[in-house]
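Structure first, then comments.
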2 protein chains.
Amino acid sequence: MSEARQRNVLLIGFGAVGTLYAYLLQRGGARVTAVCRSNRAVVKEHGIHVFSAKYGTQKNWRPDEVISSADELKDTAYDSVPDVRPSSDTIRPFLQKIRTMNASHLPLIVLIQNGVDTENEVYESLVQCEPPLASGVVGGLSWVGVTLLGEGSRIEHGSLERLKIGLFPPPLNDDPSDDIQAAFDRLVKLLADGGSDVQGTKDIEAIRWSKVLWNISWGGLCVMARQPVAAMLQAETLPYTCGVVHGIMLELLAIARANGIGEDRLPAASVDEVYSMTLGNSYAKIRVSKHPDQFFETSGGKALSDDFKPSILVDLERKKPMELHTIFGPLLRRARETNVATPRLDLIVAALVPSQLEFVKQEKGIKASEKDTEQIYDANPALNFTGGAPVLDF
Amino acid sequence: MSEARQRNVLLIGFGAVGTLYAYLLQRGGARVTAVCRSNRAVVKEHGIHVFSAKYGTQKNWRPDEVISSADELKDTAYDSVPDVRPSSDTIRPFLQKIRTMNASHLPLIVLIQNGVDTENEVYESLVQCEPPLASGVVGGLSWVGVTLLGEGSRIEHGSLERLKIGLFPPPLNDDPSDDIQAAFDRLVKLLADGGSDVQGTKDIEAIRWSKVLWNISWGGLCVMARQPVAAMLQAETLPYTCGVVHGIMLELLAIARANGIGEDRLPAASVDEVYSMTLGNSYAKIRVSKHPDQFFETSGGKALSDDFKPSILVDLERKKPMELHTIFGPLLRRARETNVATPRLDLIVAALVPSQLEFVKQEKGIKASEKDTEQIYDANPALNFTGGAPVLDF
């Protein structure tokens, strides 16, 4: 197969982030087939308006193809299948169809999503299965502020877009096969050509852990406070917030260590970095030594706007399901498996679960029924000796 | 002094709870002088409407006397000075004036308020001072749902009113003097005659600890969730909320034990009681053993309405200062003094402090200034090796 052939990308999950990357992949030269559900008619008829501070305005932008199920797939060879809401069940029918059309060229699966342990299940059931349905899995993390508006008819994007991608499992000891490495390199090039500030990494897993550090700590406290990050950073609130933010991050570090992720992959200094980076946005002078003139200095400057709220809080305020499963779920599961106590994470999750349940039911059109006297809560399997909350399972 | 003399009560803190007890004390036969501030003109002119499911309706009820400062005091002998927001500074001028009028008959100070360590400071600075300004201190805890409405022109009260009062320090080893005991007994009788479901106790301190157990646990989680208690008690939320609620209560138990309050005064079974009492309001069936037919049974029945929210959450939603100082402040101070780690309490407080600060500033008419670059946060004294939050000091 020649290097010059146009690359086919199948994009599942055409929300805000998915649309932005579909757009960038097409700009980079790929032929993009998008799987649309709720906004299919809109996209087919009018396309999507892209308003971006970084990439400019493009009205009525369209993917090359818009489909809603595997049956509609037309191309015979796919190179990548990015998905921003991974689940092997969602992806499998598309891969099966692709395989029936061209079994000699299996695509890479690309999973762009927050949280740790995103790739495992997909890798096991779609790559390690017999016959394999994909050549490999790539994990991705995106730092981006983008919103889907107008019932899926436009996205609004700021100036920030950074993407880190890496092969899964991370090729830390063995190099990947030449084919996989070449496919990965082509993906990086496609994205870079499209304008993404993309960076390939050898250890996407470690980056997942360090990214979630912020989400659960500063993000977790903000969502408990229902306040923007800036409210945590006042001279009068810092005495209360600092210790708590550190405490939450140390729970994550304990989970990582208990799961064999050591200093070489997730340095303890990540805690300081995530902490200081945010502290640098405070307007207060922060005295960090007994010397009266010695103040905390940050190199990063003020990167957050005063009203910046973490996405989990934005979702909560909009009464939309929050990323509890992706951000907190895998951490709690690993903590329970290795008996790490996580009092702060448990409290945050317990406080969000009642609202999450409401939002999930609302999205599924189920009426909330608090008075259901037939429902049973079985205390036995849910409790364990750390007193920790169970893994999120609804 | 004859037993038959009408008792004089000076009431400081004419809010919802203060007004209800002023009303009951007058019904019980006391002559009530109320210290009013914001609603003074209204009370003087029209009185206050009392709407109560338990005591009926009494329009335009008036205390015997309405004053706003110590200078206006007229009676020469006061028996009790109840205060629902204690601070020796607030009470002192009244006691000094009373003393100049009649040094031979010092009143009892009665402090009706949530939280532990309410009485210490008042006892030390107003009873143990030279010359003493009061004969003793009585602590009180009230279980009551009452709201002050219409700019201080009416109170609305449900059917619940329970009051526990006891001498401070608790006379656990030595009996109090006959005079103090007699004054205390007269106070109990006055309240009972007025219709209060009052109960005298030997150990008000222990009752303070067990009452605050609920406030910080079920109450603390509800305020983090911004949801009524019922939302914590669904079959689908209980797996997350149960462990957290227990965890919070155990932090309090650890603080109590580290401070010398043992099983004899605060039994560990209080945790179970507070837990089960609330769990009894769940509509779910709760399986508490491996036996499939064995469910949790509560004797208490459903005492909470489905939309019941703890007062701290009601205050938060109304953007009024919350009882952080009285409920969390003394616990955190004691925890820090005895190096007890309180990760859950710290997280709750840190999440509430930004809002509290806003509300306090608003009440004082101070403009919030998040951008004040002259403010200094001094990290050194605030941090200690448990990583715990400092005592609330604004």
Completion exercise
For B:SER177, inter-copy label-point distances (7 Å, Cα→Cβ), nm, shortest first, read 9.5
Completion exercise
For A:LYS309, the aspartates and glutamates lying under 12 Å Cα to Cα, once residues fewer than eight places off in the same chain are dropped, come out as A:GLU317
Handout entry: Set of lysines near A:LYS44 by C-alpha distance (under 18 Å), chain-local residues within fewer than 8 positions excluded
Key = A:LYS59, A:LYS74
Exercise for the section: Report, for A:THR90, each distance to the same residue's label point in the other copies, shortest first and in nm; define the point 7 Å along Cα→Cβ. Expected result: 5.5
Problem - Shortest-first distances to equivalent copies, position B:ASP64, nm, label 7 Å out along Cβ - result: 9.3
Practice task
May I ask what percent, to the nearest 5, of DSSP beta bridges between residues of the protein assembly as shown are antiparallel?
Solution key: 35 percent
Exercise for the section: Name the residues whose placed amide hydrogens come within less than 5 Å of the amide hydrogen of B:ASP197, ignoring near sequence neighbours (fewer than 5 apart) on the same chain. Expected result: B:LEU163
Exercise for the section: For chain B, give the share of DSSP beta bridges that are antiparallel, in percent and rounded to the nearest 5; count only bridges with both residues there. Expected result: 40 percent
Completion exercise
Residues meeting the amide H criterion for A:ILE286 (H placed from the backbone, H to H distance under 5 Å, 5 or more places apart or on another chain) are A:PHE296, B:TYR377
Exercise for the section: Can you tell me the 0 to 90 degree angle between the C-alpha axis of helix B:88-101 and the longest principal axis of chain B, rounded to 10? Expected result: 20 degrees
Fill in the blank from the handout: Along the stretch B:190-204, Karplus-curve 3J(HN,Hα) (6.51, -1.76, 1.60; θ = phi - 60°) to the nearest Hz, with x for Gly and Pro, reads 4, 5, 5, 4, x, x, 6, 7, 8, 9, x, 9, 7, 9, 5
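Jot down the per residue volume, in cubic angstrom and as a whole number, of the convex hull over the alpha-carbon atoms of the protein assembly as shown.
Values: hull volume 153.7 nm³, N = 788.
Dividing the Cα hull volume of the protein assembly as shown by its residues yields 195 Å³.
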Handout entry: Cα-Cα separations in the stretch B:186-243 greater than 13 Å, expressed as whole percent
Key = 71 percent
Practice task
Project the alpha carbons of the stretch A:8-202 onto their principal axes and report the range along each, largest first, in whole Å.
Solution key: 43, 34, 27
Handout entry: Dipole moment magnitude, nearest 20 debye, chain B about Cα centre, only Lys, Arg, Asp, Glu C-beta charged
Key = 960 debye
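Distance check, please: which entries in A:LYS364/B:LYS290; A:LYS367/B:LYS285; A:LYS97/A:LYS361; A:LYS285/B:LYS319 exceed 30 angstrom between their Cα atoms? Don't jump to the answer; show the numbers that get you there.
On the way: A:LYS364/B:LYS290 33 Å; A:LYS367/B:LYS285 20 Å; A:LYS97/A:LYS361 32 Å; A:LYS285/B:LYS319 28 Å.
The answer is A:LYS364/B:LYS290; A:LYS97/A:LYS361.
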Problem - Nearest-ten-degree value, helix B:269-279 long axis tilted from longest Cα axis of chain B - result: 80 degrees
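Take every DSSP beta bridge whose two residues both sit in the stretch B:8-202, then give the antiparallel share in percent to the nearest 5.
Working: 16 of 42 bridges.
Beta bridges within the stretch B:8-202, antiparallel portion: roughly 40 percent.
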Problem - Estimated vicinal HN-Hα couplings, Hz - the stretch A:175-182 in sequence order (Karplus 6.51, -1.76, 1.60; Gly, Pro = x) - result: 6, x, 5, 4, 4, 5, 4, 5
Practice task
Quote the relative contact order of chain B in percent (integer), defining contacts as alpha-carbon pairs under 8 Å separated by 6+ residues.
Solution key: 13 percent
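Where does chain B land on Rg/Rh, using Cα atoms and the Kirkwood Rh? Walk me through the intermediate numbers first.
On the way: Rg = 22.0 Å, Rh = 22.6 Å.
Using only Cα positions, Rg/Rh for chain B is 0.97.
Given an 8 Å cut-off on Cα distances and at least 6 residues of separation, report the relative contact order of the stretch B:8-202 as a percent. Before the final figure, lay out each step's value.
Details: 404 pairs, mean separation 46.6, N = 195.
It comes to 24 percent, rounded to a whole number.
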Fill in the blank from the handout: Given unit charges at Cβ for Lys, Arg (+) and Asp, Glu (-), the dipole magnitude of the protein assembly as shown about its Cα centre in debye, nearest 20, is 1780 debye
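Any read-out appearing in this document is the output of simple, stated calculations on the displayed coordinates, not a laboratory observation. Note that the structure is predicted; figures quoted are calculated from it, not measured. Here Cβ is always computed from backbone atoms with ideal geometry, including for glycine, and neighbour counts include all displayed protein chains.
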